[in-house]
Amino acid sequence: MIWLVVVASYLAGAVPFAHLAARRLAGVDVRRAGSGNVGATNVLRLAGAPLAGLVLLLDAGKGAAAVLAARALGADEGGQAAAGAAAVVGHVWPVWLGFCGGKGVAVAGGAFAVLAPAATAMAAALFTVVVAISRYVSLGSLAAAAAQPLLVLVAGGSAATAATAAAVAVLIAARHRANLGRLRSGTEWRLVRRRRDGGSGVGAWSNE
């Protein structure tokens, strides 16, 4: 039974909400604009905060739903963690988009919010602080992902959840290779609040 849940979690995780929402609601193909990444940060860059927030919630929901479905079917914590990880893998390598997807941060956040809520709250706080200071979403994502396994253990989580968090952190780091290169060269995209009309217009997130 757990394998059916894992497969279903992969397929659910593979639903490309960033691609679908941006194309339907903003007329933008995130695969061919901005960073080309199928995720909320690229939607933020291309279509603004409201749509990016919707995508973030939908992507996090994929991870949470996978864990909750496994739990409802009686899976132990290891099985629930496997379902959450499968949703992340589905997002990163979605069958619906030729296995070219996003980086898995939001999906992982949703999954671990169910598996280890206290640890995930601390990781989210770390993400917020790093982004607020640096204005690099990628750096905040990497910091939160790297800290998650230790935070799971500190918060009293199981070894299975911590091990899954470590595996997901490695995957997220691998998906951020290009970002790491741009961080080193100083060309990474940053959050900067700008005015379109010199002071009274609607603000937009853009690169510095």
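The values are calculated or read from the model by the stated rules, or taken from the named source; none is laboratory data. Fair warning: this is a prediction, and the values are worked out from it, not measured in the lab. All Cβ positions, even for glycine, are placed from backbone atoms using ideal geometry, and neighbour counts span all protein chains on display. Please note that ligands, DNA and RNA were not included when accessible areas were found on the heavy atoms of the full protein model with its side chains. Shrake-Rupley method; radii C 1.70, N 1.55, O 1.52, S 1.80 Å.
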Scanning the stretch 142-181 for residues that are buried (at least 16 other Cβ atoms within 10 Å of the Cβ) and among the basic types (Lys, Arg) gives Arg175
Practice prompt. For the stretch 80-95, indicate whether the set of residues that are free of Cβ contacts under 8 Å to residues at least 12 places away in the same chain, on the phi < 0 side of the Ramachandran plot and not in a helix (DSSP H, G or I) is non-empty.
Written response: no
All conditions in (1) touching a residue at least 24 places away in the same chain (Cβ under 8 Å); (2) in a helix (DSSP H, G or I); (3) more than 23 Å from Arg190 (Cα to Cα) are true of Ala75 except (2)
**Request:** Could you tell me whether Val7 is farther than 23 Å from Thr120 by Cβ, among the β-branched types (Val, Ile, Thr) and open to solvent by less than 20 Å² (accessible area, probe 1.4 Å)?
**Result:** no
The correct count of residues that are assigned to a helix (DSSP H, G or I) and either of a type in the set (D, E, K, R) or over 23 Å from Ala178 (Cβ atoms) (or both) in the stretch 97-116 is 6
Tell me, yes or no, whether the stretch 25-33 has at least one residue that is in a helix (DSSP H, G or I) and either in contact with a strand residue (DSSP E or B) (Cβ under 7 Å, 6 or more places away or on another chain) or closer than 23 Å to Ala178 by Cα (or both). no
Those residues of the stretch 145-162 which are more than 18 Å from Gly181 (Cβ to Cβ), in a helix (DSSP H, G or I) and either under 17 Å from the mean Cα position of the chain (by Cα) or free of Cβ contacts under 8 Å to residues at least 60 places away in the same chain (or both) amount to Ala147, Gln148, Pro149, Leu150, Leu151, Val152, Leu153, Val154, Ala159, Ala162
Checklist entry - Do we find that Val89 is open to solvent by 50 Å² or more (accessible area, probe 1.4 Å) and within 25 Å of Asn179 (Cα to Cα) in this structure? => result yes
Within the stretch 117-144, residues of a type outside the set (Val, Ile, Thr), within 15 Å of Leu183 (Cβ to Cβ) and assigned to a helix (DSSP H, G or I) come out as Ser134, Ser138, Leu139, Gly140, Ser141, Leu142, Ala143
Taking the stretch 14-24 and keeping only residues that are in a helix (DSSP H, G or I) and under 13 Å from the mean Cα position of the chain (by Cα), one is left with Phe17, Ala18
Condition set in contact with a helix residue (DSSP H, G or I) (Cβ under 7 Å, 6 or more places away or on another chain) and not small (Gly, Ala, Ser), scope the stretch 26-41, selection most open to solvent (accessible area, probe 1.4 Å): answer is Arg31
Reported set for the stretch 106-141 where residues are out of contact with any helix residue (DSSP H, G or I) (no Cβ under 6 Å at 6 or more places or on another chain), open to solvent by 30 Å² or more (accessible area, probe 1.4 Å) and on the phi < 0 side of the Ramachandran plot is Pro117, Ala118, Ala121, Ala124, Ala125, Thr128, Val129, Ala132, Ile133, Tyr136
Restricting attention to the stretch 44-64, the residues that are farther than 27 Å from Leu115 by Cα and crowded, with 21+ Cβ neighbours inside 10 Å number exactly 3
Exactly one of Leu11, Leu4, Leu56 is part of a helix (DSSP H, G or I), at pLDDT below 95 and of a type outside the set (Lys, Arg), and that residue is Leu4
